[in-house]
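Report on one structure; see the data block that follows.
Readers should treat all values here as calculations from the given coordinates under stated rules, not as data from a laboratory. Keep in mind that what you see is a predicted model, and the values were worked out from it rather than measured. Glycine also receives a Cβ, built like all others from the backbone with ideal geometry; neighbour counts cover every protein chain displayed.
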Amino acid sequence: MGDDPDIIWMTYDEAARVLRIKPDSVRRRAASRKWPKQLGNDGMARVGIPRDIIPDATPVITPGAPPDNPDESGQIRTELQDALAKISTLESDLRAAQISISALETRLEETQADRDAWKDQAKELTKTQAELIGRVADLSGYRSGFLGRLFRR
């Protein structure tokens, strides 16, 4: 970042922990005291904190370093375990949903095949019906013609 040895670059959250104030207070101080600001490679805003305002007893925070507070570490571990358990549950639910979807797709294909078979059968029956109607019409025509005279009572 900068080459000035009297400035330490930190995110607003890191500066808040070091200065023991809220991140919004760091923002206000940075604006009112015109501290330099820039965007880090990780996309997070960094503010240049003058080295002389950082309390001597406060170690400089290294980004990504584990917290010094063991209670906080335990809480983070617990939250991580909870998150991993939720992820595992969600993955299991996802697998079950995928199996259900696969079964439903199979049933859909079978139902569509049945529908197509019924359609074909209906077409055949319609053809047969038309043929039978034609035969009946032909037979009724015979009654009035030669066969009708032959079998007349």
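Filter the range 10-34 for residues that are assigned to a loop (DSSP other than H, G, I, E, B) and loosely packed, with under 12 Cβ neighbours inside 10 Å and give the result.
Going through the range 10-34, the residues assigned to a loop (DSSP other than H, G, I, E, B) turn out to be 20-22, 33-34.
Hits for the range 10-34 are Arg20, Arg33, Lys34.
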Query - Hits in the range 17-52 (condition: of a type in the set (Asp, Glu) and more than 38 Å from the chain's Cα centre (by Cα)) - result: Asp52
